[in-house]
Amino acid sequence: MTRSNAQMDIGPPIYCSIMPKQEDYLLSEYWKKRWEKNDISWQRHEVHKFLVKYIDKLTDGRAKTRVFVPLCGKSLDMLWLADQGHDVVGVEISLLAIHSFFEENGLTFLKKQVKLAALIDPVDVYECVEKQITIFCCNVFSLSEEDTGGRFDAIWDRASLSAIQPAFGERGKRYTKKMRSLLADDGNYLLESHFYEVERNNEPPASLSMEFRNQLYEEDFVLKELEVEKSDEDFERKWGYSQELHYHLIKPKAK
Ligand SMILES: C[S@@+](CC[C@H](N)C(=O)[O-])C[C@H]1O[C@@H](n2cnc3c(N)ncnc32)[C@H](O)[C@@H]1O
């Protein structure tokens, strides 16, 4: 029996334009433009089923944790996490994404200007009035534990590592180092990564081979693959290649 993409929740490739390898600044501009054009095909309309499935692994069963959602967009996962009783902190480069998040979910915010340790100019930080959600409007690489009030208990990374072109220079490694610096020593990190059997011209979501994934994470973390979801025959027929979604539980290495 073949399953439809809708049932599998994988769907077609979520990006389509040819994308050159980008420096940090240009990459940020690329994402902002996607929001301006409402070209946000990655956006999900329900809470991610793997987050729901593995929430206890993410939180170690604790009722109230501090969860970091890097490159959060306007993900509904933030709402769900807050509704479960957790304190949620997101970071997002696009102002438009943050405004849409509050507006579309009928939420209000207090906007503060905050000076980050790594930057001269202050950035806007949005604090939700109704729920425990705070969103920093800045580049994830600018954020440090000094700015976030300490390290997090948990990180939920859906389409985030895969959005920063991790194969460009040392960016993948800089990203995993940044995640390590923001995660408590006993924290948990859930990662969704993609694997494509074809070359896709640097298009996000980036394809992550097992070797590259290990290269990025193994120095600072221990990884356990929880699950792999493969695309079905219909998908392969339509797009001419297969894709896989890999779900990992990642823990900091003991020092
Ligand atoms: C593929 S989307 C994923 C959004 C979200 N995680 C989700 O599951 O819906 C990537 C998001 O990261 C944002 N972004 C890209 N680069 C960023 C950076 N360096 N710092 C902060 N946000 C960034 C983009 O604007 C976009 O909203």
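Derivation of every value follows stated rules applied to the coordinates shown; laboratory data play no part. Note that the coordinates shown come from a computational prediction; the quantities given were computed from them, not determined experimentally. A quick note on method: Cβ atoms are made from the backbone with ideal geometry, for glycine too, and the neighbour counts reach across all protein chains shown.
One table, with the values for the structure above:
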read-out: Against the rule of thumb 2.2 N^0.38 Å, how large the Cα Rg of segment 116-192 comes out; value: 1.15
read-out: For segment 81-145 and segment 180-255, distance of Cα centres in Å; value: 26 Å
read-out: Assigned charges on the beta-carbon of Lys, Arg, Asp, Glu; the chain dipole about Cα centre (debye); value: 280 debye
read-out: Stretch in the chain that is longest and holds no GluC sites (Glu not before Pro) that DSSP places in a loop and that have at most 15 other beta carbons within 10 Å; value: 47-129
read-out: Cα gyration tensor, segment 71-165 - rounded (a/c under 1.5), prolate or oblate; value: rounded
read-out: Three-way shape call for the chain based on the alpha-carbon gyration tensor, with the a/c threshold at 1.5; value: rounded
read-out: log₁₀ of I(q)/I(0) at q = 0.12, 0.19, 0.24, 0.28 Å⁻¹ - segment 190-255, Debye sum with one point per alpha carbon; value: -0.36, -0.77, -1.06, -1.26
read-out: In sequence order, calculated HN-Hα J values of segment 137-142 (Karplus, 6.51, -1.76, 1.60; Hz; x Gly/Pro); value: 9, 6, 6, 4, 6, 8
read-out: Rounded to 5, percent antiparallel among DSSP beta bridges of segment 76-220; value: 45 percent
read-out: Alpha-carbon radius of gyration plus Dmax, which is the widest Cα pair, for segment 128-236 in Å; value: 15.5, 48
read-out: All Cα pairs of segment 36-75, percent lying beyond 13 Å; value: 65 percent
read-out: Helical contribution to [θ] at 222 nm, DSSP H n ≥ 4, -39,500 (n - 2.57), averaged over the chain, rounded to 500; value: -7500 deg cm²/dmol
